[in-house]
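The values are calculated or read from the model by the stated rules, or taken from the named source; none is laboratory data. Note that the coordinates shown come from a computational prediction; the quantities given were computed from them, not determined experimentally. Cβ sites come from the backbone with ideal geometry, for glycine too, and all protein chains shown count toward neighbours. Ligands, DNA and RNA are stripped out before the accessible areas are found, and what is left, the full protein with its side chains, is counted by its heavy atoms. Shrake-Rupley method; radii C 1.70, N 1.55, O 1.52, S 1.80 Å.
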Amino acid sequence: MSFTKEFLKGLIRENPVLVMLLGTCPTLAVTAVAQNGLGMGLATTFVLLGSSVVISLLKKVIPGEVRLPAFIVIIAGFVTLVSFLLQVYVPDLYDALGVFLSLITVNCIILGRAEAFASKNSVAASAADALGMGLGFTLALVAIGSIREILGSGSWFGIDLTFGVLEPITLFTMPAGGFMVFGFMVAVVNKLSGYRISKKKMGCEGCPSRAACGGKECADQ
Amino acid sequence: MKELLAILFSAILVDNFVLSKFMGICPFIGVSKKTQSALGMSAAVTFVMVLSTALTYPIYKLVLVPQKLQYLNTMAFILVIALFVQLVEILIKRFLPPLYRSLGIYLPLITTNCAVLGVTLLNIEYDTIGQALVNALGAGLGFTLALVLFSGVRERIEVADVPAMFKGVPAALVAAGIVAASFMGFSGLVENLFG
């Protein structure tokens, strides 16, 4: 029962992107088309699941003072693994994601979950949490990617929707459109959840560096 | 020289790290509320970007490439950055306390800033270390420009009457979209100046 709870919370109620505002860089960078959003989401889910399980297994072995470098090395290992797999089996996606594939290493969702959940909970609970958070991330990326692709390129997952008559608004495939679509989505989620979220701090909840800055820099958001 | 200037200006204006490459969005939104902290954060980021490139570029070219271990770049670079940031923190705390007071709190945040790992990973494409360092400097200055400009915008939004659902981060994101759109005006600038 509780595993179902850990799994479901990441999908909607504590969605890492739209509610906790973590992992914003890949969210904006790869979502010009829905397909890349899906690929990025699944690659991140894989890394999140693998590193959460390993970190949860090693939680008694890793000394507290060096836990962040240790977590980063474990995460970077899984990132290297997933880039090998993509390079061989889905080379198109590998090229489309580019440097952002390597940058999964510093995605704050992964380090945040490692610090806030996997290093304190059992392996099964950590796996459920990681899977939920990863799929929540994927869901948000596909949603943003769909909006940007439909408005900006007039297609969805590569299927043409313009019927040769409608003119797509190219701005939405560009960085400026990414920021705006993301801003509107967060606003809609704010509205739907009755403004509970607007009180949440910008990524501070799961930010691994929180201990260092004491939440000082983001607390006043 | 002309080539280096072209790299510098395109890194600052055309391929701005924050507004066109989407790297370092967390600090861009998180630390841009006050111009003072925006300046502190970007000075720390620029400093770490240039010096990490000075370390990771030779490591890649002289160690990883000859050993055919290029695929270990992400792992090696993030370790170097994490250790380096820690070292810088200890050194400036010990020898330059005034600098530590203004930059200190930003340093630990930089380890997980994707702009720093991103710039070191992109820099291995350059042929010489000079070009790589200039690109790192340009990326840092571009980050500074975006953060400082945007902190001015944020200070205005704070007092503006935005709809309740847009209060805070959503309004900032929409404003960032407009700033990014204005940066699109710089495309083609470098080709015209140095081409």
_From the options A:L97, A:L103, residue that is under 17 Å from A:G37 (Cβ atoms), facing another protein chain (nearest Cβ under 10 Å) and either of a type in the set (D, E, K, R) or surrounded by 22 or more Cβ atoms within 10 Å (Cβ to Cβ) (or both)_ = A:L103
*Is there a residue in segment B:76-83 that is more than 18 Å from the chain's Cα centre (by Cα), away from every other protein chain (no Cβ under 14 Å) and either at positive phi or open to solvent by 30 Å² or more (accessible area, probe 1.4 Å) (or both)?*
no
_Given the options B:D161, B:D127, name the one that is open to solvent by 50 Å² or more (accessible area, probe 1.4 Å), over 30 Å from A:L192 (Cα atoms) and not in a helix (DSSP H, G or I)._
B:D127
_For segment B:14-36, give me each residue that is part of a helix (DSSP H, G or I) and free of Cβ contacts under 8 Å to residues at least 12 places away in the same chain._
B:I25, B:G30, B:Q36
_With the requirement that a residue be open to solvent by less than 10 Å² (accessible area, probe 1.4 Å) and part of a helix (DSSP H, G or I), what does segment A:1-24 give you?_
A:G10, A:T24
*Is it true that some residue in segment B:30-45 is at pLDDT below 85, among the basic types (K, R), touching a helix residue (DSSP H, G or I) at 6+ places or on another chain (Cβ under 8 Å) and open to solvent by less than 80 Å² (accessible area, probe 1.4 Å)?*
yes
*Among the residues of segment A:157-188, write down those that are open to solvent by less than 60 Å² (accessible area, probe 1.4 Å), more than 9 Å from chain B (Cβ to nearest Cβ) and under 22 Å from B:A175 (Cβ atoms).*
A:F172, A:T173
*What tally of residues in segment A:42-92 results from selecting those that are under 16 Å from the mean Cα position of the chain (by Cα) and open to solvent by 70 Å² or more (accessible area, probe 1.4 Å)?*
2
_A:G154 crowded, with 23+ Cβ neighbours inside 10 Å, over 30 Å from A:V54 (Cβ atoms), of a type outside the set (D, E) and free of Cβ contacts under 8 Å to residues at least 60 places away in the same chain_ = no
_Suppose the filter is in contact with a Pro (Cβ under 6 Å, 6 or more places away or on another chain) and more than 30 Å from A:I62 (Cβ to Cβ); does A:A176 pass it?_
no
*Considering B:A43, B:A11, B:A76, which residue is farther than 20 Å from A:G98 by Cβ, in a helix (DSSP H, G or I) and of a type outside the set (D, E)?*
B:A43
*Of the conditions (1) away from every other protein chain (no Cβ under 14 Å); (2) buried (at least 19 other Cβ atoms within 10 Å of the Cβ); (3) of a type outside the set (D, E, K, R), B:L96 clears all except one; give me its number.*
(2)
_Checklist (1) outside any helix (DSSP H, G or I); (2) open to solvent by 50 Å² or more (accessible area, probe 1.4 Å) applied to B:T112, failing item_ = (2)
_So, B:L62, is that one in contact (Cβ under 8 Å) with a residue 60 or more places away in the chain, more than 11 Å from chain A (Cβ to nearest Cβ) and part of a helix (DSSP H, G or I) or not?_
no
*Out of the residues in segment B:164-174 that are within 24 Å of the chain's Cα centre (by Cα) and either over 19 Å from B:M23 (Cα atoms) or more than 8 Å from every other protein chain (Cβ to nearest Cβ) (or both), which is least open to solvent (accessible area, probe 1.4 Å)?*
B:A171
*Can you tell me which residues in segment B:118-142 are within 11 Å of chain A (Cβ to nearest Cβ) and within 13 Å of B:A54 (Cα to Cα)?*
B:V119, B:T120, B:L121, B:N123, B:I124
*Does B:Q67 count as at pLDDT 85 or above, farther than 25 Å from B:A175 by Cα and open to solvent by 50 Å² or more (accessible area, probe 1.4 Å)?*
yes
